[in-house]
Structure formats: C-alpha cells, structure tokens
Amino acid sequence: MPGPGLFPAIGQTPLIYLNGPSAATGCAIYGKAEFMNPGGSVKDRAALAIVQAAEAAGTLRPGGLIVEGTAGNTGIGLALVGNARGYRSLIVMPETQSQEKIDFLRLIGAEVMLVPAKPFKDPGNYVHVARRVADERAKTEPNGVLFADQFENLANRNGHATTTGPEILAQVQAITGKAPDAFTCAVGTGGTLAGISAALKASAPTTKIFLADPHGSVLYNWATGGELVSEGTSITEGIGQGRVPGNLAGVALDGAVRISDTEALTVVFDLLKHDGLCVGGSAGINIAAAMQVARTLGPGHTIVTILCDGGARYQSKLFNPEFLRARNLPVPSWLA
Ligand code: PMP
C-alpha cells in the first residue's frame, strides 16, 4: 500500500477576510478557501474521509475500484485520492455539469460515464445509475468495488466535523478571541453544513447556523417548516437538493436563506474584481447568504462561510457572456 501521498495537502485551508462583503455589511465576513484543496474543491475532504473510513473498515482493498455518482467535485477528489492510494475510479455524472469538470476528471484518469439529468425519484438519476454500475462491476473486479455513496455515507460529514469545523473555530478564535456569530452554507450532500455545524455547536453553542439554498431546491422550504417543494431553477452546480440526504438529516439550523442566481453572480463578479478571488457559483450563494445574515444581525458580527470551489471550473458558463445573456443573468462588465 502506498504512503499517505497527497493526504496532508487536503484541508488546513486559509480563512480569508472578504473585504467587499464585509465593507458592504459592517460585519466581518470570512470565507474558508476550500478551492485551495488539491482537487480544487471542498469535496476533497469528503473523498479523503470516505476512502480512509473504507480502508479502516476493509471495504476498499489495494487495486480496488471506487464508483461514485457526483456533480463532479467529489469525483475529482476520489480520483486523486484513489490515484495516490492505488485505486481506480469510475465516476457517473449528469451531462448538464460543466465541461471543465468532465475534462478534468478524464485528464486525471477517471472513467467517466455521463447520464441525462433526471430527478432522484427516476431510476435513471445519476446516483441510482452509479449504485447499479457499482453492483455490476463488483461481479468482475478482482479487487472489489467501493460505492462511495457520498449522500448517505456519514464518513462525509464526520470528515468535516473533525477537520473543517475545528479549523474554522481555531482560525476565528485566533483572530477575534471568540467563536463566530454565524455560519452559512449551501447543501449538496449536506456533509459540509452538517459536519461543520456539529463541530461549532459542540464547542460554541451560540454560533447560529444558516442554510443557504439556491432556487430549484426544496431545502429552504424544508428548513422553514414547509413542504418539500421547490420554485424556480439555478445554474449553480453541486448544490440544491430535492430530498434530505442522510448526511443532512438531524442538522441543527437557526434559519435559512434563499438566494437567486442574479444575487450569487453579482457577488461572484464583485469578489473577483474587488477581492481578487475567483470562486464558483455555490461560493457566491454562500457569501450572498452571509451578507443577508449580516444585514439581519446588524453590524459588528463575525460570519463565516465556505468558498467551495474556484470559478475557472465554470468558465464556459458563469464567465460566458452568451450563456449568461441567454438566461437574463448579469454579465461581468469587463467581459460585456
Ligand atoms: N459546492 C460545490 C461546487 C460542490 O460541488 C458541492 C458538492 N456537491 C457543494 C458545494 C456542497 O457540498 P456538500 O456535498 O458537502 O453539501
């Protein structure tokens, strides 16, 4: 078995004071720079935690195959961690996800299977296809198959509860001498939100936890006591959900914020121009939610959020004037 390889490069990310969002609200808004992980996203942490848990349980053997259904980032994390540990990877993705993520997965050696985007209740949904492919390949793979199962596999949120959450607490305490007043985070699997919340609530029960949700997701309604229904759509990738995944279940929320693509993109473009940070759409949702919470709490509060991945991963969409204009979304002034 190879050594830990790239493992120490995952996590321990900087906490960045976001100048523009802080100045606009009078609060101190910080972003955890998860785009700095080796695979370029917060999902490297989940991939590492899932692989380590499977190795410890003996469900992943040397030379084995990792199979996962993903919007792309978890696949990238699993493929890189897999390469470092001697596993191959087969990634099932909805074909609607950015070409950049698909190309990068192929570049790093993953087998990529694209499927039409279908709701979870449809057997053709990428998660169900991935599970069936894992079962099928298990019949012929000499060293076995691990279905990573990021939505239900609690190694995902445990990874955040033991790394990302304590890192945030230590970083904020080092700067301000106390815990953050609030934390905002969007959900794909819920691993990031639920894991970090568990760590924050355990050490700092006064920290308020807010779900950030795009349009087209049912979770805002779920969190505010309504039915599991959604309104509208979003071009953001990796977040928004039509169900409550196992990794989100039981999360202790203090509130929820719904953010439009226009708000999120405005934040993404402003952050690039004025803070020098190029982030993806889910980070835009997270920061916009932090700004809304800041305005509700009033000036002087400290709010932390997650910069889930980088904007270059979505160059063909978020930074493509034709794509944006066709959807009536704002275009960055310098690209117009
Ligand atoms: N942002 C991006 C870009 C993602 O790919 C994901 C994961 N699908 C998330 C946010 C959400 O993370 P989690 O799965 O931990 O809820």
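Miscellaneous remarks
- Between S316, S333, the distinction of being assigned to a loop (DSSP other than H, G, I, E, B) and surrounded by fewer than 20 Cβ atoms within 10 Å (Cβ to Cβ) belongs to S333 only.
- Against the list (1) modelled with pLDDT of 95 or more; (2) assigned to a loop (DSSP other than H, G, I, E, B); (3) farther than 21 Å from G238 by Cβ, the condition R61 fails is (1).
Rundown of residues vs (1) away from the ligand (no atom under 16 Å from the Cβ); (2) not assigned by the TED database to the domain that holds D275, yes/no style:
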residue: T13; (1), (2): no, no
residue: Y17; (1), (2): yes, no
residue: S22; (1), (2): yes, no
residue: G31; (1), (2): no, no
residue: I50; (1), (2): no, yes
residue: A57; (1), (2): yes, yes
residue: L60; (1), (2): yes, yes
residue: E68; (1), (2): no, yes
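- Within region 281-312, the residues that satisfy the criterion of being assigned to a strand (DSSP E or B), within 12 Å of the ligand (Cβ to nearest atom) and over 8 Å from T184 (Cα atoms) are L307, D309, G310.
- Some residue of region 270-284 being surrounded by fewer than 24 Cβ atoms within 10 Å (Cβ to Cβ), touching a Phe, Trp or Tyr at 6+ places or on another chain (Cβ under 6 Å) and closer than 25 Å to T164 by Cβ: no
- Test: R106 is basic (K, R), surrounded by fewer than 23 Cβ atoms within 10 Å (Cβ to Cβ) and in a helix (DSSP H, G or I): yes
- Going through (1) assigned to a helix (DSSP H, G or I); (2) of a type in the set (D, E, K, R); (3) away from the ligand (no atom under 12 Å from the Cβ) one by one, R258 falls short only on (1).
- Scanning region 162-200 for residues that are in contact with a strand residue (DSSP E or B) (Cβ under 7 Å, 6 or more places away or on another chain) and more than 11 Å from the ligand (Cβ to nearest atom) yields a count of 11.
- Pick from region 70-109, criterion among the hydrophobic types (A, V, I, L, M, F, W, C) and closer than 18 Å to R132 by Cα, ranking: farthest from the ligand (Cβ to nearest atom): L90
- Among the residues of region 1-37, those identified as of a type in the set (A, V, I, L, M) and over 22 Å from the mean Cα position of the chain (by Cα) are M1, A23, A24, A28.
- Test: residue in region 121-129 that is touching a strand residue (DSSP E or B) at 6+ places or on another chain (Cβ under 6 Å), assigned by the TED database to the domain that holds A54 and within 16 Å of the ligand (Cβ to nearest atom): yes
Okay, residues lined up against (1) touching a helix residue (DSSP H, G or I) at 6+ places or on another chain (Cβ under 6 Å); (2) of a type in the set (S, T, N, Q):
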| site | (1), (2) |
| --- | --- |
| L78 | yes, no |
| A84 | no, no |
| L90 | no, no |
| P94 | yes, no |
| P116 | no, no |
| N125 | no, yes |
| T140 | no, yes |
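The values are calculated or read from the model by the stated rules, or taken from the named source; none is laboratory data. All figures in this text were calculated on a predicted structure; none of them were measured in a lab. Counting neighbours? That spans all protein chains shown, and the Cβs are built from the backbone with ideal geometry, glycine included.
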